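Trainee: Here it is, the structure, as structure tokens.
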Amino acid sequence: MGTIERLATGALGDAEGRRTLEMLAIDPALLAERGEHVSRAAFAMAMNVGLFHDLLARVPSGAAYVADALAGGRRILFDHGALRCIRFPDGPTGALPGGEDAFTRIFLPLGYEMAAVYPLDRLKMTGRAYRHADYPDAIPQFFLSELHVDRFDPDFAAAAARVFGTSRDPLDDAAREMLRRYAAGEAVAFAVALAALPTILAAFDRQHEPASFEDYQLLLSRSNEAAWIATEGNAFNHATDRVPDVAALAQRLKAQDRPMKERLEISASGRVRQTAFRADRVARPFADGETRQVSGSFFEFISRDLDPKTGVIDLAFDTGNATGIFAMTSARDGAQEGTYR
């Protein structure tokens, strides 16, 4: 049994780990790793397997799509996952490092590098792409977007402080020590990696207490994205299947009456084309003890062409594409898709 399979089955359970691995088209070079030490690439891929498993458990529309793909003899080519976080101007978010710092402390030791910055000014956010240095095309990227509290009004800032100020830090000393070893280029034993993997996966979740409904409504009145983070936290916002022809796939899924985005997003270069399902609704608790239906996560689809300057696949993102895709989690009734360039 290879290292990634051992990690996935150890963290998710034998049946769920194998089932999730069978969904994904993973580079054979990654799956071939064996031994009693775990490379940063193998840990990063196993982490992504766990995150994909979690996303499907929360997104029935995505799970149904994956089941159909498997029934047709095709595995998912996991292109990237997306995260949202919040940045206060004065540092940490409760006990959690501020904004993207909560995740760069994980990404960088595991071999990820920041590939590009994407201003999302209309959303008062900044997006950053993190790409794996060892297997940039084979290990899923992360699109990490950071919402800037200081770009909103004082009432918003006060509500955000009340909601997110209760955040705890999910990383324990053992996980931090494992990340320190990876950052230092030291060998990490399989037992150490396996013990830390559930803790690392727990970082991709809501770390704060349930919001009051009044604060949620105030955040929502200014920003769909802030309201989404208030209920979903730092959970995977979406996972993405890389497909040969996303336009043809979108037409087929629309004909099946799937919850599709109306328009295709096309990058300024024309080489990156994206669409998505609309977010599934989920039940989330609020501070008053009530559970309410809110917008959850979703599943995305992307096609990437070769970059003629390099002759390799274009792994970039696009500000306009990202802004349009963000509308899939709109919580406002009757919200319209936007096309932003």
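The values are calculated or read from the model by the stated rules, or taken from the named source; none is laboratory data. Just so it is clear, the model here is predicted, and its values are computed rather than measured. Cβ coordinates were reconstructed from backbone atoms using ideal geometry, including for glycine residues, and neighbour counts include every protein chain displayed. Heads up: the accessible areas ignore ligands, DNA and RNA and are worked out on the full protein's heavy atoms, side chains in. Shrake-Rupley method; radii C 1.70, N 1.55, O 1.52, S 1.80 Å.
Trainee: Given H placed on each backbone N at 1.01 Å, which residues far from T166 in sequence or on other chains put an amide H within less than 5 Å of it?
Mentor: Close amide H contacts, sequence-distant or interchain: E209.
Trainee: Want the number for R74 to K254: 0.36 nm per residue separation, take away the alpha-carbon distance, what's left?
Mentor: Using 0.36 nm per residue and subtracting the Cα-Cα distance, I get 62.9 nm.
Trainee: Sum up the charges of everything whose Cβ sits under 14 Å from the Cβ of A160, counting Lys and Arg as +1 and Asp and Glu as -1, but leave A160 out.
Mentor: -3
Trainee: Now for a different question. Amide H neighbours of A239 under 5 Å, counting only residues 5+ apart in sequence or on other chains, H built in-plane at 1.01 Å?
Mentor: F298, E300
Trainee: Which value in deg cm²/dmol, rounded to the nearest 500, describes the helix-derived mean residue ellipticity at 222 nm for the chain, given -39,500 (n - 2.57) per DSSP H run of n ≥ 4 and division by the residue count?
Mentor: -11500 deg cm²/dmol
Trainee: Around F277, with a cut-off of 10 angstrom between Cβ atoms, what is the net charge of the other residues, counting Lys and Arg +1 and Asp and Glu -1?
Mentor: Details: positive: R258, K261, R278; negative: D280, E300.
Overall, the nearby charge balance is +1.
Trainee: Within 10 Å, Cβ to Cβ, of T3, how many net charges do the neighbouring residues add up to if Lys/Arg are +1 and Asp/Glu are -1?
Mentor: Charge balance in the 10 Å sphere: -1.
Trainee: Still on this structure: With both bridge residues required to lie in the chain, what share of the DSSP beta bridges run antiparallel, to the nearest 5%?
Mentor: That works out to approximately 70 percent antiparallel.
Trainee: Another one. Please list 3J(HN,Hα) in residue order for the range 103-117, calculated via the Karplus relation 6.51 cos²θ - 1.76 cosθ + 1.60 where θ = phi - 60°; whole Hz, with x for glycine and proline.
Mentor: Calculated HN-Hα couplings, in order: 10, 5, 5, 9, 4, 4, x, 7, x, 7, 10, 6, 8, 6, 10 Hz.
Trainee: Follow-up question, since we're still on this one. Count neighbours as other Cβ atoms within 10 Å of each site's Cβ, and list the trypsin sites (Lys or Arg not before Pro) in the range 111-170 that are DSSP loop with at most 15 such neighbours. If you can, show how the numbers build up before the last one.
Mentor: Values: sites: R122, K124, R128, R131, R151, R162, R168; in loops: K124, R168.
Answer in residue order: R168.
Trainee: Here's something else I'd like to know. Hey, got the dipole for the chain? About the Cα centre, +1 on K and R Cβ, -1 on D and E Cβ, debye to the nearest 20? Show your work: numbers first, answer last.
Mentor: Details: 39 positive and 47 negative charges, 127 e Å.
In debye, rounded to 20, the chain gives about 620.
Trainee: Let me ask something else. With contacts defined as alpha carbon pairs under 8 Å and 6 or more residues apart, what's the relative contact order of the range 99-142 in percent? All intermediate terms of the calculation are to be shown ahead of the outcome.
Mentor: On the way: 47 pairs, mean separation 13.2, N = 44.
Over the range 99-142, the number comes to 30 percent.
Trainee: Take the Cα pairs of the range 102-208, get the Kirkwood Rh, then feed it into Stokes-Einstein at 20 °C and 1.002 mPa s and tell me D in µm²/s.
Mentor: 135 µm²/s
Trainee: Shifting gears a bit: Where in the range 54-82 does the label zone of R281 land, with the point 7 angstrom along Cα→C-beta and an amide N cut-off under 15 Å?
Mentor: 60-61
Trainee: Debye sum, Cα scatterers, the chain, no solvent: what log₁₀ I/I(0) at q = 0.10 1/Å?
Mentor: For the requested q values the scattering log ratios are -0.57.
Trainee: Please compute the per residue accessible area over the range 140-272 with all protein chains in place, 1.4 Å probe, rounded to a whole number of Å².
Mentor: 40 Å²
Trainee: Share of antiparallel DSSP beta bridges in the range 149-305, in percent to the nearest 5? Write out the running numbers ahead of the final one.
Mentor: Values: 13 of 18 bridges.
Roughly 70 percent of the beta bridges in the range 149-305 run antiparallel, per DSSP.
Trainee: Please state the relative contact order of the range 142-241 as a whole percent: Cα pairs under 8 Å, 6+ residues apart?
Mentor: 33 percent
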